[in-house]
Amino acid sequence: MERRDGQDGQPQAGAAVGHSLDRRAELSEFLRSRRARLKPEDVGLPDFGRHRRVPGLRREELAQLAGVSVAYYTRLEQGNGRNVSAEVLDSIARALRLSDAEHAHLTHLAKPKSHKKKPAARQQQVRLALRQLLDTMDGVPAYVVGRRSEILAWNRMAAALFGDWAELPAAERNWARLVFLRPEYRELFLDWEQKAIDIVCALRMDAGCYPDDPRLSALVGELSVKSEEFRRLWATHDVKEKNHGVKRLHHPLVGDLSLHYESFRLTDDSDQSLLTYHAEPNSPSADSLRLLASWGTDATRTATGSAGPAL
């Protein structure tokens, strides 16, 4: 099987070194956004119908629920998470009704690790054995994604389904840039809004883990300038992890597909995940995948008559 990957280097164009994200501002805005989504009745507090100057819970109400002083919580919400204990963060996470992903994000923002074994700026490498595994997955679109939503390696079926990424500049092999900046991907994903949300949530998780990553900051800045939808979704401060689900696609050659996806985080490099797509047995989508397999990377070119990537 023909293998496609990003061995020619990491993205350079469009990913110029920028300033790091402001971790204190990220912490402050995240806590404010989580507090704003809760109402007193959501957490068992009385609502006396008085005019509330801010949406959601007041700081003193949240502090009461978390069992900390108002002054302490105020300092934390102002971005000063220095010396905050894990126990206090757990209490605040419970009071805010945070999900596991949101809890982890709060911890990363409030207590950043200062001795990471894998610096954010290091070059992302895909193991040879993993690339070979991709080659053996006939009929199953599969790829490896790393930090900043960068597409690091993929197989022939992924190229047939999503477009031949090998023909894109290295800097463009990035799910965030593809989804927000390339119109053809709006047509590919029938649930484009959900795909966009998933990508922004993943980038938010990256920002919590690597707030000092200048490439991530540059990517966020670029997308914020070029995409109103990205700015809107980034401002929500939502974070979540989705390891499986269903994606509905409209391929220019075979039409609509409904595919199950599975995401497997690598145990030896938690910054990388292997994603696979499959169809229900004996379904029209399964037939469509078999047709795409017969065309390979020429599938989208055949549909459009283009010599370049069709998606």
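Which numbered condition trips up Ala159, out of (1) of a type outside the set (Ser, Thr, Tyr); (2) at pLDDT below 95; (3) buried (at least 22 other Cβ atoms within 10 Å of the Cβ); (4) not in a helix (DSSP H, G or I)?
Unmet condition: (4).
Looking for whichever is closer than 30 Å to Asp138 by Cα and hydrophobic (A, V, I, L, M, F, W, C) here; the options are Leu216, Leu190. Which one fits?
Details: Leu216 fails: closer than 30 Å to Asp138 by Cα.
Just a single option satisfies the conditions, and that option is Leu190.
Across the stretch 172-194, what is the total count of residues that are buried (at least 19 other Cβ atoms within 10 Å of the Cβ), assigned to a helix (DSSP H, G or I) and not β-branched (Val, Ile, Thr)?
7
Of His108, His115, which residue is exposed (fewer than 14 other Cβ atoms within 10 Å of the Cβ), modelled with pLDDT under 90 and within 27 Å of Gly221 (Cα to Cα)? Steps first, please.
On the way: His108 fails: exposed (fewer than 14 other Cβ atoms within 10 Å of the Cβ).
Sole residue among the options that is exposed (fewer than 14 other Cβ atoms within 10 Å of the Cβ), modelled with pLDDT under 90 and within 27 Å of Gly221 (Cα to Cα): His115.
What number of residues in the stretch 239-276 are modelled with pLDDT under 95, among the hydroxyl-bearing types (Ser, Thr, Tyr) and either part of a strand (DSSP E or B) or buried (at least 16 other Cβ atoms within 10 Å of the Cβ) (or both)?
Summing the residues that are modelled with pLDDT under 95, among the hydroxyl-bearing types (Ser, Thr, Tyr) and either part of a strand (DSSP E or B) or buried (at least 16 other Cβ atoms within 10 Å of the Cβ) (or both) in the stretch 239-276 gives 1.
Would you please name the residue that is farthest from Ala104 (Cα to Cα), looking only at residues in the stretch 223-238 that are at pLDDT 95 or above and among the acidic types (Asp, Glu)?
That would be Glu228.
Looking only at the stretch 180-196, how many residues end up being in contact with a Lys or Arg (Cβ under 6 Å, 6 or more places away or on another chain) and free of Cβ contacts under 8 Å to residues at least 40 places away in the same chain?
Final tally of qualifying residues: 1.
The values are calculated or read from the model by the stated rules, or taken from the named source; none is laboratory data. As the structure is a computational prediction, the values presented were derived from the model and not from experiment. Note that each Cβ is placed from the backbone with ideal geometry, even for glycine, and that neighbours are counted across all protein chains shown.
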